[in-house]
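Presented below is the structure to which this report refers.
The values are calculated or read from the model by the stated rules, or taken from the named source; none is laboratory data. All figures in this text were calculated on a predicted structure; none of them were measured in a lab. When we count neighbours, we look across all protein chains shown, and the Cβ atoms used for this are built from the backbone with ideal geometry, even at glycine. Note: accessible area is taken over every heavy atom of the protein model, side chains too, but ligands, DNA and RNA are not part of it. Shrake-Rupley method; radii C 1.70, N 1.55, O 1.52, S 1.80 Å.
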Amino acid sequence: MSTAATARPGFLAIELDGAGWDGAGSGTLAAAVLAVESAGFHVATFKDAPEAGRANALQRAAFAGPVTRSIALVPEVDTVYTEPFHVSTQLASLDYVSGGRAGWIATATESPAAAAAVGRRSVTGEGLAKEASAAIEVSRRLWDSWEDDAVIRDVATGRYIDVDKLHYVDFTAPEEAGPGYSIKGPSIIPRPLQGQLPVIAPLGLLGSGLVDDAAVDAVLVTAPTPELLTAEVRDARSRLRTGVAIIAELDVVLDSRGLAAADRPAPADSGRALFTGSAAGLAALLAPILAEADGVRLHPASFDVELDELSRVVLPELRRSGALRAPLQDATFRDLLGLDRPASRYADAAATAIAAAE
């Protein structure tokens, strides 16, 4: 992750929710994700917006895993109205099918409809962040519950796993995190290829008594206007622990196909900064933001229309100027974020106990 002392070119992510605000598609999900990978984007994200007949965000990311080679695949997955054990194992599976390119945008949104669907009370206010904190913590414990060498495939003894290298997580959600639940563990799937998937959360979920910044690897930051994004990134950097990556959020409507951006349909208010203008203007805006942030996630108004300009003008110009790094080959999402692969917390504890007994 970038700091004032260790600046390096940033990365670009793009949201693939359907095709954008106008609902125009790019044919198939495979075509869309291959198009952004070919254009040079580093990360594709998948918003978990319910839509009749469509697979959820995690399933769409899993579909994209085997058809892509370098782009990181990062779905939004709710932490309030989903089962943490299943979220953890499904994300670990995504890491396997993508070859270590998976991540998780942990969301916590007020939704009475979702609460009614699962038969529980609706969560509001600080309760959302507390549930997110508990879900992230137990997921991380479950990912660590298999040591890296737990699978031994010992034909002579007929053992597939070394049970001494599987560990209980013994997690009980705090009372303030909603309906009480406990998870014994271990997980039902081996440790993810990355050890721990990078966890990303909106900056608004972090704070005292909410999600601790030690629980996440990156945060999403936005601002009222594009011109204020750099200042917001700097402010977030000053308040977070060293090592947390900052990803700026930006909605984009570009001049394209003979239409000025101002003449195209206006997007609904998303709460994110909105850029409206030319591709060259967007490149000029992004360069200083990428000098401060680790990356920027773009939300195109129309996937096909914006991608034409992004791939033809914006990404080439940013690479030419040195603001944008080249796509990483044969790398993990942790590599992109500059994160080392962590050891399992339980392996460290077991090694300490063995050393103490000797």
Exactly one of these conditions fails for V296: (1) in contact (Cβ under 8 Å) with a residue 60 or more places away in the chain; (2) touching a His at 6+ places or on another chain (Cβ under 9 Å). Give me its number.
(2)
Checking the structure you have, find out if any residue of segment 144-153 is over 22 Å from the mean Cα position of the chain (by Cα) and part of a helix (DSSP H, G or I).
no
Restricting to segment 81-104, name every residue that is within 18 Å of P50 (Cα to Cα) and crowded, with 24+ Cβ neighbours inside 10 Å.
W104
Taking the options R257, R241, name whichever one is without any contact (Cβ under 8 Å) to a residue 60 or more places away in the chain, within 17 Å of V219 (Cα to Cα) and in contact with a helix residue (DSSP H, G or I) (Cβ under 9 Å, 6 or more places away or on another chain).
R241
I'd like to check something: does segment 302-324 contain any residue that is modelled with pLDDT under 95 and touching a His at 6+ places or on another chain (Cβ under 8 Å)?
no
Looking at segment 155-166, which of the residues that are open to solvent by less than 50 Å² (accessible area, probe 1.4 Å) and assigned to a strand (DSSP E or B) is modelled with the lowest pLDDT?
I161
Quick one: in segment 218-256, which of the residues that are under 23 Å from S278 (Cβ atoms) and hydroxyl-bearing (S, T, Y) is least open to solvent (accessible area, probe 1.4 Å)?
S256
Just need a number here: residues in segment 257-286 that are in a strand (DSSP E or B) and open to solvent by less than 10 Å² (accessible area, probe 1.4 Å).
1
